[in-house]
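Report on the following structure.
FYI, it's all coordinate maths here, none of it is from the lab. On a predicted model such as this, the values are computed, not experimentally measured, just so you know. Methodologically, a virtual Cβ is constructed for each residue, glycine included, from the backbone with ideal geometry; neighbour enumeration extends over all protein chains shown.
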Amino acid sequence: MTAVIADTDILSTFGKIGRLDLLQLLFDQVYIAPAVSRELGRATQLGFTWVASVQRAVLLLPLTANESGAVARLTSLYSQLGSGEIESFVLAQTHHLACLTNDRQAKVVAQALGLSYLDLEALLRAFKTRKFLTTAALTALIAQIEEHEPHAYQNQSADPQ
């Protein structure tokens, strides 16, 4: 995989622990949808300092008029999702990108739409299998994630293989 589109939840997880470098090792390019950009902007306004590093690590992928129409259709079908997930899915479909999300509902919808996605567990597994992290470093990373994002790693196995 060379390029992906990320949702706010994954970006905040890695941004809060200062490890966006791992996503940059794994992917040539990480895109975000306009709604994710707006969510990051609101986080900046609330004083979250980790957002600046996220904004430097990603590229905004704008929506075309056709994609905006697809967003409206998906929004009516999947009202349980936020605009960041919906826009990311539309962009993933039209640009043939995998999605990065750790949102349970978003993963169900991505599957229903036939989109490939990577959640936190899959990313951690990739860091290990591609030898970006040793087992000890992966354990330390998981501890950092649990400290800064206690719900991000819920129901994930202790040692992604």
**OP:** State all residues of the range 83-102 that are touching a Ser or Thr at 6+ places or on another chain (Cβ under 9 Å), in contact (Cβ under 8 Å) with a residue 60 or more places away in the chain, not β-branched (Val, Ile, Thr) and not in a strand (DSSP E or B); if no residue qualifies, say none.
**Re:** 84, 85, 88, 92, 97, 102
Subject >> Considering residues of the range 26-36 that are in a helix (DSSP H, G or I) and of a type in the set (A, V, I, L, M) only, the residue nearest to the chain's Cα centre (by Cα) >> reply: 36
**OP:** Kindly list the number of the only condition in (1) exposed (fewer than 14 other Cβ atoms within 10 Å of the Cβ); (2) under 14 Å from the mean Cα position of the chain (by Cα) that fails for residue 87.
**Re:** (1)
Original post:
Do we have any residue at all in the range 45-55 that's among the hydrophobic types (A, V, I, L, M, F, W, C), closer than 13 Å to residue 88 by Cβ, without any contact (Cβ under 8 Å) to a residue 60 or more places away in the chain and touching a helix residue (DSSP H, G or I) at 6+ places or on another chain (Cβ under 6 Å)?
Top reply: no
**OP:** Would you check which residues across the range 104-134 are within 15 Å of the chain's Cα centre (by Cα) and assigned to a loop (DSSP other than H, G, I, E, B) and list them?
**Re:** 115, 116, 119
Subject >> Residue that is nearest to residue 7 (Cα to Cα) [pool: residues in the range 37-53 that are hydrophobic (A, V, I, L, M, F, W, C) and in a helix (DSSP H, G or I)] >> reply: 40
